[in-house]
Amino acid sequence: MNELKFRPKSKIREFLGEKFIAVNAFIALIAIVLIFLFIFKEAIPIFTDSEIREEAGLDKMVFRQEFYEGREAKWSWQPNSEVPKYSLFPLFIGTLKAALIAMLFAAPLGIGAAVYSSEFAGKKMKEIIKPIIELLAGIPSVVLGFFALMILATFLQITLGLTFRLNALNAGIALGLAVIPIVFTIAEDAMNSVPGSLREAATALGANKWQVSLTTVLPAALPGIAAGVVLGFGRAVGETMIVLMASGNAAIISGSFLDSIRTFSATIAAELAEVVFGSAHYSVLFFIGSLLFVFTFIINFAGDMVLTRIKIKIQGKM
Amino acid sequence: MQAYKNNIDIMDNKRTDIPKNEEPTVPIYKMTVENLNFWYGDNKVLFDISMNIRENMVSALIGPSGCGKSTFLRTLNRMNEIIPNTRMEGIIKLDNIDIYRSIKEPSQIRTRIGMVFQKSNPFPKSIFDNIAYGLRVNGIKDKNFVAEIVEKSLRQAALWDEVKDILDKSAYALSGGQQQRLCIARALAIRPEVILMDEPASALDPISTSRIEDLIGELKEHYTIVIVTHNMQQAARVSDYTAFFYQGNLIEDGPTKEIFTRPRKKKTEDYITGRFG
Amino acid sequence: MADTAHIIKPQDIPSELPLNFKAKSKGILPRGATFLAVAIILLMLALILGNIVIGGAGSISWEFLTHPPEQGMEAGGIFPAIFGTVFLVLLMVIAVVPVGVMTAIYLHEYTSPTSNITRLIRIAINNLAGVPSIVFGLFGLGFFIGFVGGGMDAVFFPEEGPVWGQPAIIWAALTLALLTLPVVIVSTEEALRTIPPELKEASYALGGTRLQTIWKIAIPQALPGILTGSILAVSRGAGEVAPIMFTGAAYYLPYLPGKLNDQFMELGYHIYVMATQSPDVEATKPILFGTVLVLLTLTFLLNFVAIYIRSSMRRKRAGI
């Protein structure tokens, strides 16, 4: 008769296997640290190298500069002119304009659609809305940029009689389209997470469906909805292709939303190809990258913390 | 109730990877527990438990729910190590070997101390592959050998006749009682020395329960069995030895007949007579 | 005896409570307004898709998909861009899926949810997901091309010009792999979480080691989720342009990428350059629209398949 001889378990194999898996698991962490290090590494010369600091130091990027003798001091971004100008302010204004328009467009639409889906829609409607949003989320940003560049811009120019075909409004609307899925998903999640017991309590006191939504669900979901808007804003600031293609790429400072703009991300994308390695321009572009990295890091950290805190609170209540 | 008779010599596949005990004196007890304390995080749930488990007998652990008997059972085959944040103190021995300190890889000991769970948990595989799983993870590859042991295990668990023609069907096609017997067959396939059963029949109908109890009665001839049950009548029917747990403490243990007719502690008596739990 | 002066007697309660039972707001206005939001979104989506389909359908043909571009992108096809995209994404998947799956397994099977390591890795994953794509491009340039590629050149090819320290499909693929890593991790974790712990317990009780349990029980059960994550990563990777702009994508190459340090043409990049830098916009318009249609169809198909797998996985779980 055969004998049952079991193979002995190898503690070494288990140990090595676990360590191998663990090492791979740390890649995400290492990646974030490396990104931080390498982006900042190339931006450091702005603070350390005297020549570069002379040309593009922190003060030159922030404050008004008198670029030509006798002329008024102003902010200007023209790194490739004879007198290189590195003011970040025009880029900051451009980024802000685009992101604001995007949120003015995306927040009402995204939150509105989420409220409809969560509070009004029947099951069938919900199953139509969800794919629509997912379809929208699946459109690559280069396609949205293409749409804004070729079709939306023409439409806006004809309807509004604009001077500049590519401008902040054009880019902002397309940007908004990209952000809507984020706002929608987080807002709808927030409303769905409101404990059923809260809704029941309000209903039991005689409130009808809409009153329950207005007085109970929306206030309870407000932190989550706000987090969605904040995270959407973060995405709008970091987005590159849409603004690169649709905003006109002119580093203008103005109050009008109908002027062309230049954003931080588009600047990097547009100028990195021609920049000389190790030059002041090169360091400034990486400095802008660092700014973007830090900004989105903070926004994501804050947004995620809010969302996790909400999740914990709900699990406590349930 | 018709008793199932197994005429197969189930000990004809002996485990040869188990090291022979070199001690001149034969241990009296199959397993011993000395001063076992157990924590889930900061929460202490087992208090200084000491107990002996006798070979080829059925030992029943009884007590009200939440008293720690399942936790205790799981310390016997190091199943608690799967859960994070647990801590244990004390010594547990199998054949005089400290199963925590003398054995490096916990999966090693679980091939000698098997477990059947309260809710049957067959793998999403065929009936055959379910039984064969334990053999395959332990290095038995020969197809004919595996098939032979699968058949023997199913016969031992009194399930062979019902499934012999549908071995390649999913295990989920079976009824609740059949699935539990499948899980028993699966545990038997690796020929452990001790079988731990955590309320094996609590989720089953009376007929299936009765079958399982008969099965336990037969299995004890070749295996050492420890069973957790909240059903006192079952404990009285099935076990030779009974231990009463209450709030993480071992209140009393002894031969089943004595525990149920002449308990020494009042708490035991209260529980047995149904005053609580 | 207790002071009873403050106790309200039934006679004191007015028989008509001033509760306003006037017509309650049924929320018709909010309902209409929010429905309008949905309608606007749907309308914009239809506009985008409609314009692209109408503008691009005419260009789609077998030749378009299998021939290289001719006459400065005014004729011919986009085969090299399709090939480059597929090759790029293939390399990315080989890099990202094993790492992502192992990360999810480590977080789910090996660590406790409250341990510091788990929290740290999760923070890293969340932030990786939020890094702007152009920053990934910068990283690809600075780290992969400059540091890794440059380092390889210094060690293995000190005499020649740059071999690895230049834009190459492997660096672009690795950059994209980092970008899509969170997608794979999240999808795999979601799948792992649906595995009933009893199945794993059964494996352990039969003498299975942790590694055996993961390989034989956990991963097969999580396969739909792993597949979903991989497909979503592919869809994302095929659409992103900013990370590959400086790490290997080119507008026109007379060859197809064959080695890992070759450059490559790519659908998204092709669209960007053609739309913004084409010398004769009208002449290249048909090809441009056609390329957009191809890219869009590709990403939609992938997303559709992934979502289908995910929802059938969820329905199966609910059934069992």
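The values are calculated or read from the model by the stated rules, or taken from the named source; none is laboratory data. Bear in mind the structure is a predicted one, so any value in this text is a computation, not a measurement. Cβ sites come from the backbone with ideal geometry, for glycine too, and all protein chains shown count toward neighbours.
Miscellaneous remarks
- Subset of the stretch C:65-75 [touching a residue at least 24 places away in the same chain (Cβ under 8 Å) and not in a helix (DSSP H, G or I)]: C:P69, C:G72, C:M73, C:E74, C:A75
- Check on B:L182, part of a helix (DSSP H, G or I), farther than 23 Å from B:T16 by Cβ and either in contact with a Gly (Cβ under 6 Å, 6 or more places away or on another chain) or not basic (K, R) (or both): yes
- Residue in the stretch A:277-288 that is at pLDDT 85 or above, buried (at least 19 other Cβ atoms within 10 Å of the Cβ) and outside any helix (DSSP H, G or I) present: no
- Matching residues in the stretch B:75-92 - criterion: being free of Cβ contacts under 8 Å to residues at least 40 places away in the same chain, basic (K, R) and not in a loop (DSSP other than H, G, I, E, B): none
- Matching option when the condition is more than 10 Å from chain A (Cβ to nearest Cβ) and either outside any helix (DSSP H, G or I) or of a type outside the set (G, A, S) (or both), among C:I117, C:I105, C:I82: C:I82
- Among the residues examined, C:V234 does not qualify as surrounded by 22 or more Cβ atoms within 10 Å (Cβ to Cβ), touching a residue at least 24 places away in the same chain (Cβ under 8 Å) and in a loop (DSSP other than H, G, I, E, B).
A quick yes/no check of all residues on (1) more than 24 Å from A:G17 (Cα to Cα); (2) surrounded by 17 or more Cβ atoms within 10 Å (Cβ to Cβ); (3) not charged (D, E, K, R):
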site: C:P80; (1), (2), (3): yes, yes, yes
site: C:L90; (1), (2), (3): yes, no, yes
site: C:V97; (1), (2), (3): no, yes, yes
site: C:L141; (1), (2), (3): yes, yes, yes
site: C:F144; (1), (2), (3): yes, yes, yes
site: C:G149; (1), (2), (3): yes, yes, yes
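- For the stretch A:1-25, filtered to residues that are among the hydrophobic types (A, V, I, L, M, F, W, C) and facing another protein chain (nearest Cβ under 7 Å), the residue that is surrounded by the most Cβ atoms within 10 Å (Cβ to Cβ) is A:A25.
- Any hit, the stretch C:89-96, residues being in a loop (DSSP other than H, G, I, E, B), in contact (Cβ under 8 Å) with a residue 12 or more places away in the chain and within 13 Å of another protein chain (Cβ to nearest Cβ): no
- Single residue of C:P224, C:P197 found to be of a type outside the set (K, R), in contact (Cβ under 8 Å) with a residue 60 or more places away in the chain and either within 12 Å of chain B (Cβ to nearest Cβ) or within 19 Å of C:S312 (Cβ to Cβ) (or both): C:P224
- Just one of the listed residues (B:L154, B:L167) is at pLDDT 90 or above, touching a Phe, Trp or Tyr at 6+ places or on another chain (Cβ under 6 Å) and closer than 15 Å to B:F123 by Cβ, and it is B:L167.
- Considering A:A73, A:A98, A:A121, A:A137, the condition of being crowded, with 24+ Cβ neighbours inside 10 Å and of a type in the set (A, V, I, L, M, F, W, C) is satisfied by A:A98 alone.
- Restricting attention to the stretch A:128-173, the residues being within 10 Å of chain C (Cβ to nearest Cβ) and either not hydrophobic (A, V, I, L, M, F, W, C) or not in a loop (DSSP other than H, G, I, E, B) (or both) number 26.
- Meeting the requirement of 3 or more residues that are of a type in the set (S, T, N, Q), the strands (runs of 3 or more DSSP E) wholly within the stretch B:29-70 are B:31-40, B:43-53.
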